[in-house]
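For reference, the structure discussed in these notes is given below.
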Amino acid sequence: MTELIRKLIKSLFGKDLGSETIRYLAVGATTSVVSFGLFTFLYQIAGLNVTVSNVISISVAIVYAYIANKLVVFRKRSGSFEELAREFCKFVGSRLFTMALEVGAVELFYGVLGFDARVGKLLAQAITVVANYLISKLIVFRKR
């Protein structure tokens, strides 16, 4: 399956992506589905406010993303509980930063520019996916 995705990306964009990038894109897609699905449920079905729905959905997605990125994307094992706790704190801290970025972007797209809340959420997620990958690769799961 990974080889099929790699060939498809190469044919579309003219370059080959490494397996880590492909794993990140797959985990990122499932994280986005978790976040967007929960956001849609909370906003449309439960009737919560846009910002509250967004914060809750991102918070759940952060926990999912930590586990998936650690085990699937970067395949990093922790040597001790202290190392695990430090890494988790860095991950959560970085995701809180990008959560603020995403919440602000949704407010910009929805509240200021008048986009549909779901469209604003999708646009904001596109921005944060790139930021999250760079932070995770360069800071949180950095190879020593």
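The condition (being small (Gly, Ala, Ser) and assigned to a helix (DSSP H, G or I)) is satisfied by just one residue among Gly93, Gly114: Gly93. Can you name the residue in the stretch 102-121 that is of a type in the set (A, V, I, L, M, F, W, C) and either touching a strand residue (DSSP E or B) at 6+ places or on another chain (Cβ under 7 Å) or surrounded by fewer than 16 Cβ atoms within 10 Å (Cβ to Cβ) (or both) and is also modelled with the lowest pLDDT among such residues? Checking each candidate, the answer is Val119. Could you please find all residues in the stretch 29-82 being in a loop (DSSP other than H, G, I, E, B), under 24 Å from Lys137 (Cβ atoms) and polar (S, T, N, Q)? Once the filter is applied, which keeps residues that are in a loop (DSSP other than H, G, I, E, B), under 24 Å from Lys137 (Cβ atoms) and polar (S, T, N, Q), the stretch 29-82 yields Ser78, Ser80.
Out of everything in the stretch 61-78 that is of a type in the set (A, V, I, L, M) and within 11 Å of the chain's Cα centre (by Cα), what residue ends up being nearest to Gln44 (Cα to Cα)?
Filtering first and then ranking leaves Ala61.
In summary, Gln125 fulfils each of the numbered conditions (1) modelled with pLDDT of 85 or more; (2) in a helix (DSSP H, G or I); (3) out of contact with any Phe, Trp or Tyr (no Cβ under 6 Å at 6 or more places or on another chain) with the single exception of condition (1). Determine whether the stretch 39-49 contains at least one residue that is touching a residue at least 40 places away in the same chain (Cβ under 8 Å) and among the aliphatic types (A, V, I, L, M). No: the stretch 39-49 contains no residue that is touching a residue at least 40 places away in the same chain (Cβ under 8 Å) and among the aliphatic types (A, V, I, L, M).
The values are calculated or read from the model by the stated rules, or taken from the named source; none is laboratory data. None of these values were measured; they are calculated from a predicted model. No Cβ is skipped: glycine too gets one built from the backbone with ideal geometry, and neighbour counts run over all protein chains shown.
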